[in-house]
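The values are calculated or read from the model by the stated rules, or taken from the named source; none is laboratory data. What you are looking at is a predicted structure, and each value in this text was computed from that prediction instead of being measured. Here Cβ is always computed from backbone atoms with ideal geometry, including for glycine, and neighbour counts include all displayed protein chains. The area values use the complete protein model at the heavy-atom level, side chains included, leaving out ligands, DNA and RNA. Shrake-Rupley method; radii C 1.70, N 1.55, O 1.52, S 1.80 Å.
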Amino acid sequence: MQCRKTTLAATVGCLVLAAAIGGCSFTRAEPVVTAPEWRNDEVLTSYDVIVIGSDPEGVAAAVSSARNGMTTLLADGGERDRLGGLATLGWLNTIDMNYGPKGEILNRGIFLEWYEKLEGDSFDVETAADAFRRLTERERRLDVRLGLSGIEPIVTVDETGERTVSGITATLPDGSRREIAAKAVIDATQDADVAAAAGVPYTSGREDLGYEEQAMAATLMFRLDGVSAEVWNKLGKRLGGDGDALTGNNDRSAWGYDEMKEYVAESDPDRVRMRGLNLGRQRGGTALVNALQIFGVDPLDPASKREARALAEAELPRIVDELRRRYPEFEGVTLGASAPELYVRESRHIAAEYRLTIVDVCENRDQWDRIAFGSYPVDIQRVTPNEYGAVVCHPEKYAVPFRSLVPLGADGLLVVGRTAGFDSLAHGSARVIPVGMATGQAAGAAARVAIEEGLTFRELASSEAAVARLQALLTKQGMALRPFAAAPPAAFEGPEGDALRAMLRLGVAVGGYDNDFRLKKEATVATLVNVLQALHRKYPERFPGDPRQALSELAAEEGESFEALLARPLRLPMAETLLARTVGTASEPTGAQAPAGSDGDAADAKSLRIGELYRFVHSAMERLVLG
């Protein structure tokens, strides 16, 4: 499962601000808060809990641990000068909220405590940094140390080969090294650096779907100056009157301007693209913009991240010029600065005691060991510049299990945030800040339960009694974790439900915001080729044939163009032929069963619906993959 190897020291050490790009008409945001010094007489040689990573989920984990009576160290590396990571240095200042069926905020506890200190669903990054600081300053059992030059896990291996993380080795700014023991370690880094260095298996990006080195695009957030109340009102008038139900605004946030996806970058059009704008309003007449996407970024490679930043910064002045040209309300707006850190959406996904699946999310499933809830749409941003991403489904409510925080391959360790045990598609919803902070709070409380009861985290994850105590503790501390029952979308309850679940796991079924999987829509040959390509990627030994090559051969045999054949309505003989060629033989049975009622020549001439196509392919999967 492990796709790349990188040392923790190198990864943590790359959390630095790249050198300013010369010749641009704007500046990168400079640090305004001095990083705390590491003073030897202020740091213990052992703690109950060490949390690595100062992103929102790391702050939540550390505060939770301290409030639960544990001596706690919150540590991070590089040139981070404040708490909050993605929210305060990546400038992601609009929160993707999770609301329940009655409009209630699902993620409460420490997240809600922090959120209520902000201006709203979009916030000023200085307000957010101050709110994180105040949360940590009140905890007398909590030490916070930023600016480390390196952090490596201390891993012990017993006679059975079981690996346990028992602390960290910290490289101080002066180059000296110090071992710090811990009864529990929580990895809250953006890329699961501690877990990877400890030998935890993981997949990278969309590897679990059969893609190599493919992940959602990275983004460089940037600031617009001159966004006065008058400008904001003009934004609202446009977005409220454009007739698009998916655009809009409130006093803090605005989303729309979808035409910007047509923008062609001069720096590198194959690497840099725009999407519609998400604007988060700040104090002082500024707004932060989430819209510029960069492809082909390796988040574990500092050089790749520096190159991505250079490409984006070269393009930003031209992007703002284009905004002013297209939209009168931007006429007096200027480019202010770019974020200190790149916004990376996706990197590692750890292997855990349980990996949350896309079916769990789309079917609104509860979990017996629930420690957080989500409801944000499964938002898969672009992974290549030639497509626009997709909303796989919009759940009503689903539970995140504690088991998803417990990694395989090493005990004594929990992983929180977007790199926890989520499949890549489930991560499209679970990666948001409120869920991340909820997992952090749960991890901090779990450390107390495990330590007090003398359990490892793996033992805790399998103990219903211990998990019940954890849930009761979290509920007492402000998190609502009651069991729930939410019906899945209607498509899952019909005769094609099992096939739809299989197609979701393949990454080919898309329901959008309204959970309409178009099962009754007529399928085309292109629909089948898309499904077969997914099978070919994920199960190359079972489906070794290239479906596009097979279709090219059929087009040549029939004297028809490839594109014309793709656009044809799909009929059973074509489905059987293409499936057989993808399986790799036309003489042995594929295991696919024809849709009910499709016997005879007349049925062969009937075009298949998408739901029928899913059932047809799923029957082959049951024989060749699942059976």
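Once the convex hull of all Cα atoms in the range 47-122 is built, its volume per residue stands at 100 Å³.
Three semi-axes describe the equivalent ellipsoid of the range 387-440; taken as square roots of 5 times the Cα gyration tensor eigenvalues and ordered largest first, they are 23, 13, 10 Å. Sorting the segments 211-222, 610-621 by their residues' average number of neighbouring beta-carbon atoms within 10 angstrom, most packed first, yields 610-621, 211-222. Note on Glu522 and Thr384: the extension gain reaches 47.0 nm, defined as 0.36 nm multiplied by sequence separation minus the Cα-Cα distance. Debye-formula intensities of the range 91-226, expressed as log10 I(q)/I(0) at q = 0.19, 0.20, 0.21, 0.22 Å⁻¹, are -1.28, -1.27, -1.27, -1.27 (one equal scatterer per alpha-carbon, no solvent). Start at zero, step by 10 Å, and the Cα-Cα distances of the range 218-273 spread as 20, 42, 31, 7 percent across the bins. When peptides 345-353, 158-166 are sorted by average Cβ neighbour count within 10 Å, with the highest value leading, the order is 345-353, 158-166.
Normalised by 2.2 N^0.38 Å, with N the number of residues, the alpha-carbon radius of gyration of the range 279-345 equals 1.24. The three principal axes of the C-alpha atoms in the range 312-422 carry coordinate ranges of 54, 31, 26 Å, sorted with the longest axis first.
Oblate is the label for the range 70-114, because a/c, from the alpha-carbon gyration tensor with a ≥ b ≥ c as root eigenvalues, is 1.5 or above and a/b does not exceed b/c. Rolling a 1.4 Å probe over the protein heavy atoms gives the range 473-565 an accessible area of 51 Å² per residue. The long axis of helix 572-583 is offset from the longest Cα principal axis of the chain by roughly 50 degrees. Computed extension gain for Arg542 through Ala486, at 0.36 nm per residue and net of the alpha carbon distance, reaches 16.6 nm. Measure nothing but the geometry: give the 0 to 90° angle between the long axis through the Cα atoms of 125-137 and the longest principal axis through the Cα atoms of the chain, rounded to 10°. Helix 125-137 sits roughly 60 degrees off the main axis of the chain. The share of C-alpha pairs in the range 451-502 whose separation exceeds 19 Å stands at 54 percent. Relative to a virtual label point 7 Å from the Cα of Glu464 in the Cα→beta-carbon direction, which members of the range 365-398 show backbone nitrogen distances below 12 Å? From the range 365-398, the list is 368-369. Rounded to the nearest 0.05, the FRET efficiency derived from the C-beta distance between Ala229 and Arg568 at R0 = 56 Å is 0.50. In a fully extended conformation the segment linking Asp258 and Thr45 would gain 71.3 nm over its present Cα-Cα distance, using 0.36 nm per residue. Inter-label distance, Ala245 to Ser176: 6.4 nm, where each label sits 7 Å from its Cα along the C-beta direction. Here the Kirkwood formula, the inverse mean of 1/r across different C-alpha pairs, assigns the range 420-512 a hydrodynamic radius of 16.0 Å.
Applying 1/(1 + (r/R0)^6) with R0 = 35 Å to the Cβ-Cβ distance of Ala556 and Arg324 gives a FRET efficiency near 0.10.
The shape of the range 229-313 can be summarised by an equivalent ellipsoid whose semi-axes, obtained from the alpha carbon gyration tensor, come to 29, 15, 10 Å from longest to shortest.
Computed from Cα atoms, the angle from the helix 229-240 axis to the main principal axis of the chain rounds to 20 degrees. Diffusion coefficient (Stokes-Einstein, Kirkwood radius over C-alpha pairs, 10 °C, 1.306 mPa s) for the chain: 62 µm²/s, rounded to a whole number.
Globularity index of the range 482-563 is 1.40 (Cα radius of gyration / 2.2 N^0.38 Å, N = number of residues).
Averaged per residue, the range 176-279 has 41 square angstrom of accessible surface, using a 1.4 angstrom probe with ligands and nucleic acids left out.
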